[in-house]
Every structure is written in structure tokens, then in C-alpha cells.
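Participant: Mind looking over this structure? Questions follow.
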Amino acid sequence: MTERGRVGAKDRGFIGALEIGGTHVSAAVVSLDKRAIDPAGVQRYALAPDGTRDQLVRSIVAAARRLSRPEIARWGVATPGPFDYARGISLIRGVAKLEALYGVDLRAELSAAVGVKPTNVSFINDASAFLIGEWWAGKADGDGRSIGITLGTGLGSAFMSRGLIVESDPDVPPEGRLDLLPFRGAPAEQTLSSRGLRAAYGEDGPDVVEVARRARAGDARANEVLHRFGSDLGEFLARWVERFAPTCVVLGGSIARSWDLWSEEFRAACAPDMDQTWYGVAEHLDGAPLLGAAYHAARG
């Protein structure tokens, strides 16, 4: 392997990877040698955000068990914050998703379920995993500075310089988290997320996939909402793009699938004069967080 994404010989082979989202858990086996997801692909399972502790744990554990096999000795797990990543304990509270997992020792639950040592189960922030996955095996610039933005039930962000996640620097927000910042007097996630987009559409509040479908079918309201979303996101990110000066801004999450419908508005509002910066959708839209979680597990 090149210096970008190098892993030691002892860490070659296969890693089990999970991504826990607000409404799903995704799972895949990652080949470190190939920097790729196993041909079986990404398996995605529904996760009830308001489920009980037992229901959520059972769903997460079941996704891992379906992949478990003897040659997989390490597991990487990408999860949203707040989360104690070193101990594998969820601290999510007050965000109307996955709250029943608060205080749950997911490392213990998963290691017991798949029969590996607890120390062989690693956790990482989902937005950081997304950007690492794209840096290791996708679009992000391996030698420069990149910003990763995930747009789904929440707003995720990560900043990277020469392969390292940057969380403490004058040119990035505290902890690298854009979701902690206000936008027009309210938390950014209220507007720059799927729930914000649905609220902006009004009426029956269709999901993001449906809003995009309607826009492509000529629905003026859907197009207006997506154009406004692109402009708002660009306006919000402009300050950080100017300060961090990335060579690449890579987008993921469910809303990124409609990038073609709002990219012009985003570019115009974000950085119209930064011709040296590449903006676009992740190469591995579904798999990047899993690739990043696997790489983190191998390196950890």
C-alpha cells in the first residue's frame, strides 16, 4: 500500500464494520488488502429511533452476528455523538433518537455477541469515519485538507489534514462539530438536516427521497425547498471553507443523493471564487463510514 492508508501486516485481512444511524444500522465486511467492502455488499437494517434499550441492542447485535465468522477478529463501529468512544458507551440524550442507548456498554454487548475480545471492538464518530473512509478509499484528497459533511437525520462534520482528523484548531469549530453551531439564531441541525428539509416542505412532510422525486418530476415546491437548502448549507459552510481552505469538500448522507438538484445554489453561496476546491458526493455513499470504521479498528 502507499503511505495513504497504510496498515501494518498484522492488520491485513478482514474487519467487521457497523454504522449506527438515527434510523438504521448498516453492516459490512471490509477487506483491508483491497480497501473495499466484501462483495456481499452493505447490509442495512431498520432501527427504531424511539425503541427500547433491549430492542435497539438486539437490532445492533443481530446485524453484527449476521456477518460474524472466524477470520474476523476485529470490529469497527461508527456511531453518532455524544458517545464515549474510548469506552464504547453511548451518551446520546435529548435529541429524540437512540436515547434508550444512554449508558449502554456497546463494546461489551458486541464483543460477547461475536466472540471477540472487548479490546478488539473499536468505536469512532460516524462523520469522522465517513471522511476517513473517503480519504482511504474514495474522493478525499490524501495529501491535502478535506472537509466531510454528512446530511441525514442530523448534521455531521469532520475536518482532515494529511490523513489526520482535526478537532482542535482555530480554523475548525470546537471538536470539529458544525452541529454545535447556531444558524440564523437556531441550532444548525434544525434547518440543515432531513427533518429541517421536511419541515420546510410542509404539508405531509415527505421524506428526502420523496422530495427529490417530486423535484425531478417538476414539483415547484420541492425544487424551491432543495434550492433553498443548497443555498443555506453553502452560506453556513462558507466561513469554515474560507478558514480551513480545503482542497476537497465531500458530501454524504441521504440528502447528498439529491446533490444534482441543489449543487449550483450551494456553490454560489459557499465559495464561488475557490476554483481549486473540489465539491461533490462521496464515491462510497453507503460504504464510506464502514470503510472508515474498519480502517480505524485496524490502526487502533
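Participant: Check segment 21-42 and report whether any residue there is open to solvent by 40 Å² or more (accessible area, probe 1.4 Å), at pLDDT 90 or above and in contact with a Lys or Arg (Cβ under 7 Å, 6 or more places away or on another chain).
Facilitator: Looking through segment 21-42, at least one residue is open to solvent by 40 Å² or more (accessible area, probe 1.4 Å), at pLDDT 90 or above and in contact with a Lys or Arg (Cβ under 7 Å, 6 or more places away or on another chain).
Participant: Hey, could you check segment 67-92 for residues that are touching a Leu at 6+ places or on another chain (Cβ under 8 Å) and of a type in the set (S, T, N, Q) and say which is surrounded by the most Cβ atoms within 10 Å (Cβ to Cβ)?
Facilitator: The first filter runs over segment 67-92 and keeps only residues touching a Leu at 6+ places or on another chain (Cβ under 8 Å), leaving 75-84, 88-90, 92.
Narrowing the set further to residues that are of a type in the set (S, T, N, Q) leaves 79, 90.
Numbers: 79: 26, 90: 24.
So the residue we want is 79.
Participant: Take the residues of segment 254-278 that are touching a residue at least 12 places away in the same chain (Cβ under 8 Å) and over 18 Å from residue 228 (Cα atoms): which is most open to solvent (accessible area, probe 1.4 Å)?
Facilitator: 276
Participant: Is it the case, given these coordinates, that residue 64 is at pLDDT 95 or above and either under 20 Å from the mean Cα position of the chain (by Cα) or buried (at least 17 other Cβ atoms within 10 Å of the Cβ) (or both)?
Facilitator: yes
Participant: I'm checking my understanding of the structure. Among residues of segment 151-196 that are open to solvent by 30 Å² or more (accessible area, probe 1.4 Å) and of a type in the set (Val, Ile, Thr), which one is nearest to residue 262 (Cα to Cα)?
Facilitator: Step by step, filter segment 151-196, then rank; the result is 191.
Participant: Any idea how many residues of segment 96-122 are closer than 28 Å to residue 195 by Cβ, open to solvent by less than 20 Å² (accessible area, probe 1.4 Å) and without any contact (Cβ under 8 Å) to a residue 60 or more places away in the chain?
Facilitator: Residues meeting the conditions: 3.
Participant: In addition: Within segment 264-278, does at least one residue satisfy the condition of being in a helix (DSSP H, G or I) and of a type in the set (S, T, N, Q)?
Facilitator: No: zero hits.
Participant: Hey, another quick one. Hey, can you tell me all the residues within segment 61-88 that are of a type in the set (A, V, I, L, M), over 23 Å from residue 155 (Cβ atoms) and not in a loop (DSSP other than H, G, I, E, B)? Step through it out loud before you land on a result.
Facilitator: Kept after step one, since they are of a type in the set (A, V, I, L, M), are these residues of segment 61-88: 61-64, 67, 72-73, 77-78, 86.
Keeping just the survivors that are over 23 Å from residue 155 (Cβ atoms) gives 61-64, 67, 72-73, 86.
The answer is 61, 62, 63, 64, 67.
The values are calculated or read from the model by the stated rules, or taken from the named source; none is laboratory data. All of these numbers come straight from a predicted model, not from anything done at the bench. Quick reminder, even Gly has a Cβ in these numbers, built from the backbone with ideal geometry, and neighbours come from all protein chains shown. Ligands, DNA and RNA are stripped out before the accessible areas are found, and what is left, the full protein with its side chains, is counted by its heavy atoms. Shrake-Rupley method; radii C 1.70, N 1.55, O 1.52, S 1.80 Å.
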